[in-house]
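A.B. asks: Below is the structure I would like to discuss, written out as structure tokens.
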Amino acid sequence: MSAQETGGDARRAAWTGAHDPDRATVASVVIPAHDEERTLGRLLDALCVVPGQLEVVVACNGCTDGTADVARRYPVTVLDLPEPSKTLALRAADRVARAFPRVYLDADVEITADGIARLAAAVGAGGAAVAAPRRVMPRTGVTVLTRWYYDVWEALPTVRSGLFGRGVLAVSQDGARRVAALPEMMADDLVLSEAFVRAERAVVQDVTVVVHPARTLRDLVRRRARVTTGNLQADQAGLRGPDARTTPGDLWRVVRERPGLALRIPVFLAVVLAGRARARSAVRRGDFTTWERDASSRV
């Protein structure tokens with residue numbers, strides 16, 4: 001038996017021994033995972049600290065690494081799907097998950113089980129229909145120009161108020177029905193956020209999620225190309241409203257509020273234009289399935 005398998009068995013034994021049969025499940029957590037062997041264990045370590053608190057379904061999709069093997073070391077439900085599709089993975093996991101609220105969670109972010117429970121408490125009867133945590137983006141190991149892009153991006157009004165780009169969304173039972181009715185889209189978190197009007201959304205400020213940014217300009221442009229492609233697909237489907245768009249007025253507002261960012265605006269615009277150029281050929285082909293992957297944030 002390998003050291004990894006021994007560690008996994010030890011964790012399972014500890015969780016089983018600590019199980020509280022009277023503890024109610026507060027939410028179902030759905031995690032689509034494609035080649036997330038490096039990051040998934042970090043997330044599941046945090047989510048599984050209190051056995052029975054969360055029902056966790058990991059939908060491994062089209063993986064070529066050990067993502068499913070990592071997931072099987074934890075007390076979670078593991079789906080091993082052949083096709084690499086985040087949307088299909090979400091739908092397959094939704095059919096298996098049983099509890100509400102429902103929390104959709106990217107495999108490469110960091111959030112605690114307590115944070116998930118707080119998000120779940122914010123939705124449902126008397127609360128919001130959809131909720132997300134406050135975003136924290138560490139800059140360790142990120143190149144200077146890439147940091148400058150993110151400094152501007154995080155200051156944008158649409159980014160501050162929108163629920164996209166956080167890697168975590170909690171929805172009520174009614175909200176989950178709306179999510180299930182959405183078409184397959186590359187910009188899944190944007191489209192999901194836009195399915196709810198502003199009054200139905202909430203950003204829970206006392207819950208934080210760590211979202212790891214691209215570390216290099218090359219990886220950032222790849223990520224930006226994917227965002228651009230997904231946004232254009234959402235535009236064609238009429239699923240992106242004006243509140244989810246960045247305008248020149250938004251950039252001017254950023255400079256007025258934070259003059260120190262003025263010299264970083266050209267870097268931000270250059271990355272946006274480079275991402276748009278890279279996305280152009282995919283959009284011309286109608287290719288809304290090829291996922292431009294940023295590998296640097298997973299190191």
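A.B. asks: Consider region 21-54. How many of its residues are closer than 22 Å to residue 189 by Cα and polar (S, T, N, Q)?
C.D. replies: Summing the residues that are closer than 22 Å to residue 189 by Cα and polar (S, T, N, Q) in region 21-54 gives 2.
A.B. asks: Whether any residue in region 175-197 is part of a helix (DSSP H, G or I), among the acidic types (Asp, Glu) and modelled with pLDDT of 90 or more is what I want to check.
C.D. replies: Checked region 175-197: no residue is part of a helix (DSSP H, G or I), among the acidic types (Asp, Glu) and modelled with pLDDT of 90 or more.
A.B. asks: May I pose another question? Being within 25 Å of residue 149 (Cα to Cα), at pLDDT 95 or above and buried (at least 18 other Cβ atoms within 10 Å of the Cβ) narrows it down to one residue among 221, 209, 227; which is it?
C.D. replies: One residue alone meets the criteria, 209.
A.B. asks: Which pairs turn up if I take residues in region 130-146 that are closer than 24 Å to residue 262 by Cβ and touching a residue at least 24 places away in the same chain (Cβ under 8 Å) and look for partners that are surrounded by 14 or more Cβ atoms within 10 Å (Cβ to Cβ) and charged (D, E, K, R) with beta carbon separation below 6 Å, at least 6 apart in sequence or on another chain?
C.D. replies: 135/166; 139/147; 142/215
A.B. asks: Still on this model: Among the candidates 134, 166, which residue alone is surrounded by fewer than 15 Cβ atoms within 10 Å (Cβ to Cβ) and either within 22 Å of residue 254 (Cα to Cα) or modelled with pLDDT under 95 (or both)?
C.D. replies: Sole residue among the options that is surrounded by fewer than 15 Cβ atoms within 10 Å (Cβ to Cβ) and either within 22 Å of residue 254 (Cα to Cα) or modelled with pLDDT under 95 (or both): 134.
A.B. asks: From 227, 203, which residue is among the β-branched types (Val, Ile, Thr) and touching a residue at least 60 places away in the same chain (Cβ under 8 Å)?
C.D. replies: 203
A.B. asks: Residues 172, 161: which one is polar (S, T, N, Q), farther than 18 Å from residue 235 by Cα and over 16 Å from the mean Cα position of the chain (by Cα)?
C.D. replies: Of the residues listed, the single one that is polar (S, T, N, Q), farther than 18 Å from residue 235 by Cα and over 16 Å from the mean Cα position of the chain (by Cα) is 172.
A.B. asks: Further question: Condition first: under 25 Å from residue 117 (Cβ atoms) and in contact (Cβ under 8 Å) with a residue 24 or more places away in the chain. Now tell me which residues in region 68-87 satisfy that.
C.D. replies: 70, 71, 72, 73, 74, 75, 76, 86
A.B. asks: Filter region 230-241 for residues that are without any contact (Cβ under 8 Å) to a residue 12 or more places away in the chain and either assigned to a helix (DSSP H, G or I) or farther than 16 Å from residue 192 by Cα (or both) and give the result.
C.D. replies: 235, 236
Per-residue answers, yes or no, for (1) under 20 Å from the mean Cα position of the chain (by Cα); (2) among the charged types (D, E, K, R):
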site: 196; (1), (2): yes, no
site: 200; (1), (2): yes, yes
site: 205; (1), (2): yes, no
site: 213; (1), (2): yes, no
site: 227; (1), (2): yes, no
site: 234; (1), (2): yes, no
site: 258; (1), (2): no, yes
site: 268; (1), (2): no, no
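A.B. asks: So in region 161-192, with the set limited to residues that are in contact (Cβ under 8 Å) with a residue 12 or more places away in the chain and among the basic types (Lys, Arg), which one is nearest to residue 126 (Cα to Cα)?
C.D. replies: 178
A.B. asks: Just wondering, is there one or more residues in region 244-262 that are part of a helix (DSSP H, G or I) and at pLDDT below 90?
C.D. replies: For region 244-262, residues part of a helix (DSSP H, G or I) and at pLDDT below 90: present.
The values are calculated or read from the model by the stated rules, or taken from the named source; none is laboratory data. Here the structure is a predicted model, which is why all the values come from computation and not from measurement. All Cβ positions, even for glycine, are placed from backbone atoms using ideal geometry, and neighbour counts span all protein chains on display.
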